[in-house]
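One structure below.
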Amino acid sequence: MYGFLKRPLWILSHVLVVLAVAAMVTLGLWQKSRWELRKSQADAIEQKANDRAVPFASLVPDDATAFPVANEYRRAVVVGTYSVADEVVVRNRSQGGAPGAWVLTPLVRKDAPAVAVVRGWVPLSVAEKGPGQRIAAPPAGEVAVTGTIQPTQVRRTLGTSDPTGGRLEQVNRVDLDRVDQQFSGTLSPAWVLLDGQEPKQSDVLPQPVQFDPPDASQNFSYMVQWWIFATIAGVGYLLILRRVAVNRARGGQVPVTDL
């Protein structure tokens, strides 16, 4: 009944199906390892982001020239005075499905490099106005800012570049080197995503930026999909073989039995 399975072309089809199933299972295992890695990273980041804030200088020393990778996403508290004259907006940042931008304002410290602070999100209609027209002014005088510290953002392959010269009011990313280029002082190699400050913001805007740790669900989805494809291919091929064998035993003809 299954003697036809030993024919050369059928043997070739067996090999191809086995290779295809093995490849899909392997891809599923690879996505599983990626999912486990990203999940552990996301858990670690979320833990850091929920820890008690510590002094900024204990995470990023005043003489630091590079971002301390081990302290990424740690919560810090930094005290200083906002330099509104050096404020810029980081365009193309949506929140809650609405288009808008982040408001980035350097926080000037005494006898230490200033710290770029992303104070929050504003809708597009506000972001497009000039610095003097925005209704998102920070508190005057000394403030204590708490938030997560993060490294400068770099342009991806297809990302838009910012002009290298001149003074910018809008930038495409939190590029500390570019912001520092037009800042009158010196910026620390880490910026802070604000989640609280004293005294508090008097206006509704800017709204706090929602902190989203890396999402590992996509890798989990890919893992499941590859294994579903492998199951469909394997079981489907066995069902085809069964159908061919039954038709041959009954004297029926199906195109694939001619192989």
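The values are calculated or read from the model by the stated rules, or taken from the named source; none is laboratory data. This one's a predicted model, so the numbers in the text were calculated from it and none came from an experiment. Here Cβ is always computed from backbone atoms with ideal geometry, including for glycine, and neighbour counts include all displayed protein chains.
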For segment 72-90, what are the residues that are out of contact with any Ser or Thr (no Cβ under 9 Å at 6 or more places or on another chain) and within 29 Å of ALA42 (Cβ to Cβ)?
VAL89, VAL90
Among the residues of segment 202-223, what is the count of those that are without any contact (Cβ under 8 Å) to a residue 24 or more places away in the chain and assigned to a helix (DSSP H, G or I)?
3
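Determine whether segment 115-125 contains at least one residue that is in the same structural domain as ARG167 (by TED's automatic domain parsing) and in contact with a helix residue (DSSP H, G or I) (Cβ under 8 Å, 6 or more places away or on another chain).
Filtering segment 115-125 for residues in the same structural domain as ARG167 (by TED's automatic domain parsing) gives 115-125.
Add one more test, that the residue is in contact with a helix residue (DSSP H, G or I) (Cβ under 8 Å, 6 or more places away or on another chain), and what stays is 115-116.
The answer is yes, given that some residue of segment 115-125 is in the same structural domain as ARG167 (by TED's automatic domain parsing) and in contact with a helix residue (DSSP H, G or I) (Cβ under 8 Å, 6 or more places away or on another chain).
Go over the candidates VAL204, VAL154, VAL145 one by one and state the one that is of a type in the set (Val, Ile, Thr) and surrounded by 18 or more Cβ atoms within 10 Å (Cβ to Cβ).
Numbers: VAL204 fails: surrounded by 18 or more Cβ atoms within 10 Å (Cβ to Cβ); VAL154 fails: surrounded by 18 or more Cβ atoms within 10 Å (Cβ to Cβ).
Checking each option against the conditions leaves just VAL145.
Here is a yes/no grid of residues against (1) within 24 Å of TRP226 (Cα to Cα); (2) modelled with pLDDT of 80 or more; (3) assigned to a helix (DSSP H, G or I):
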residue	(1), (2), (3)
LEU5	no, no, yes
LEU9	no, yes, yes
LEU12	yes, yes, yes
VAL17	yes, yes, yes
MET24	yes, yes, yes
LEU29	yes, yes, yes
ARG34	yes, yes, yes
LYS39	yes, yes, yes
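Give the residue that is surrounded by the most Cβ atoms within 10 Å (Cβ to Cβ), with candidates limited to residues of segment 98-131 that are in a loop (DSSP other than H, G, I, E, B) and either of a type in the set (Val, Ile, Thr) or in contact with an Asp or Glu (Cβ under 9 Å, 6 or more places away or on another chain) (or both).
First pass over segment 98-131, keeping only residues in a loop (DSSP other than H, G, I, E, B): 99, 110-111, 128-130.
Now restrict to residues that are either of a type in the set (Val, Ile, Thr) or in contact with an Asp or Glu (Cβ under 9 Å, 6 or more places away or on another chain) (or both): 111, 130.
Numbers: ASP111: 5, GLY130: 7.
It comes out as GLY130.
For every residue, the table says whether it meets (1) surrounded by fewer than 18 Cβ atoms within 10 Å (Cβ to Cβ); (2) assigned to a strand (DSSP E or B); (3) in contact with a His (Cβ under 9 Å, 6 or more places away or on another chain).
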position: ASP62; (1), (2), (3): yes, no, no
position: ALA66; (1), (2), (3): yes, no, no
position: VAL78; (1), (2), (3): no, yes, no
position: THR81; (1), (2), (3): yes, yes, no
position: ARG93; (1), (2), (3): no, no, no
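Any idea which of ASP162, ASP177 is within 18 Å of ARG91 (Cα to Cα), modelled with pLDDT of 90 or more and not in a strand (DSSP E or B)? Walk me through it before giving the result.
On the way: ASP162 fails: modelled with pLDDT of 90 or more.
Within the list ASP162, ASP177, the selection yields ASP177.
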